[in-house]
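Structure, as structure tokens:
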Amino acid sequence: MDRSPTFLVVVNRCASDPTVLTKALRLARQFGARLELFLCDAEHAYALQHAYDRTGLEDARKACIVAAMEYLTHVKSAAQCDGVAISVDVACESPLYEGIVHKARKSGPVLVLKHAGSPDPFDRAAFDANDWQLMRTCPATLLLTRGRRWRSRPRFAAAVDASEQETEGLARQILKDAQALARANDGELELLYAERGRIGSAESRTREIVLEGLTREVNIAGGQVHILAGDPEAALPEFAKQRDYDVLVLGALTHRQGLAPLVGTLTSKLAEGLDCDIVLVKPKAASLPVPIRQAV
């Protein structure tokens, strides 16, 4: 029997909650998905773990769970769900990213949505320690929202690596997920690729042929493909800033040598220079479903 895909929405009990919930509801309607609101009270969990007096810790943990559930129940009742099925779940676990990962493994969501870094929706939040760890460990595709509202026709970009060193199938998965998001939102989609070698060389031409094959698969016109010269951590942020995308989709992991400095430097450069949302696609994670309708 077919089962509606699940989108897991991380709620922080702060001012950023309406921002991430609004986008989650929009996407749930377009993909026919159900939402699961999840609140992990990591602060209380940390305090309980390090309490000197162990008396009454279990009662305190239960009280924490009850309070979190009351908050999520209120958020659910106040949401303009318009037919979107919403469930709620809570945890008292520290650190936060581990609680989110444990929940994602249990629920099997197609997409996890979280507000990046600072809980202030008016702050162009930098990624915090939990965000960095979540990028590495989240088993599902991860959308980190920076709080900026999308255009009525959002601009999406998919950044891919077409080299033979990249994780097999990851570029295709990035493009297909980006295309699904763009189609669901009646948005525009562009493909970005940074060529480390000399453009026009035999090696770069081999990678361009790979790109051409990918663009044919997802029917992206030539004018929507941008091949940039230079290392991606230098070329991509500057170009993306000029294009002013609403959402940038890229790979969360890679098999390339030097994984940590490559992904860390690129993502940190994007975080420093951009205020758009970032979608990180995990290799072999469940792909986004086909949208059931376009936004109107």
Before we move on, is ILE209 at pLDDT below 80 and of a type in the set (Val, Ile, Thr)? no
Among the residues of segment 70-81, are any under 26 Å from ALA129 (Cα atoms), assigned to a helix (DSSP H, G or I) and polar (S, T, N, Q)? no
From the set of residues in segment 36-82 that are free of Cβ contacts under 8 Å to residues at least 12 places away in the same chain and of a type in the set (Val, Ile, Thr), which is farthest from THR6 (Cα to Cα)? THR55
Residue within segment 251-265 that is at pLDDT 80 or above and outside any loop (DSSP other than H, G, I, E, B) present: yes
Of everything in segment 1-42, what is part of a loop (DSSP other than H, G, I, E, B) and within 13 Å of VAL75 (Cβ to Cβ)? Give them in sequence order. VAL11, ASN12, ARG13, CYS14, ALA15, SER16
Do we find that ASP17 is of a type in the set (D, E, K, R), farther than 13 Å from SER87 by Cα, modelled with pLDDT of 85 or more and in contact with a helix residue (DSSP H, G or I) (Cβ under 6 Å, 6 or more places away or on another chain) in this structure? no
LEU214 versus (1) more than 19 Å from LEU142 (Cβ to Cβ); (2) at pLDDT 90 or above; (3) of a type in the set (A, V, I, L, M, F, W, C): which is the lone unmet condition? (2)
Hey, LEU39 hits all of (1) among the hydrophobic types (A, V, I, L, M, F, W, C); (2) at pLDDT below 95; (3) under 25 Å from the mean Cα position of the chain (by Cα) but one; which does it fall short on? (2)
Spot the failing condition for ASP161; the list is (1) modelled with pLDDT of 90 or more; (2) surrounded by 18 or more Cβ atoms within 10 Å (Cβ to Cβ), and only one is missed. (1)
Name the single residue that is surrounded by the fewest Cβ atoms within 10 Å (Cβ to Cβ) among those in segment 63-90 being modelled with pLDDT of 90 or more and charged (D, E, K, R). GLU70
Any chance LEU175 is touching a residue at least 12 places away in the same chain (Cβ under 8 Å), out of contact with any helix residue (DSSP H, G or I) (no Cβ under 6 Å at 6 or more places or on another chain) and surrounded by 16 or more Cβ atoms within 10 Å (Cβ to Cβ): no
Can you work out which of the residues in segment 213-228 that are farther than 25 Å from ARG151 by Cβ and exposed (fewer than 14 other Cβ atoms within 10 Å of the Cβ) is nearest to the chain's Cα centre (by Cα)? GLU217
What pairs come out if I take residues in segment 10-24 that are assigned by TED's automatic domain parsing to the domain that holds HIS102 and pair them with residues that are in a loop (DSSP other than H, G, I, E, B) and among the hydrophobic types (A, V, I, L, M, F, W, C) whose C-beta lies under 7 Å away, six or more apart or interchain? ASP17/VAL11; LEU21/ALA79
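The values are calculated or read from the model by the stated rules, or taken from the named source; none is laboratory data. Just so it is clear, the structure is predicted and the values come from calculations on it, not from any experiment. Heads up, the Cβs are rebuilt from the backbone with ideal geometry, glycines too, and the neighbour counts pull from every protein chain shown.
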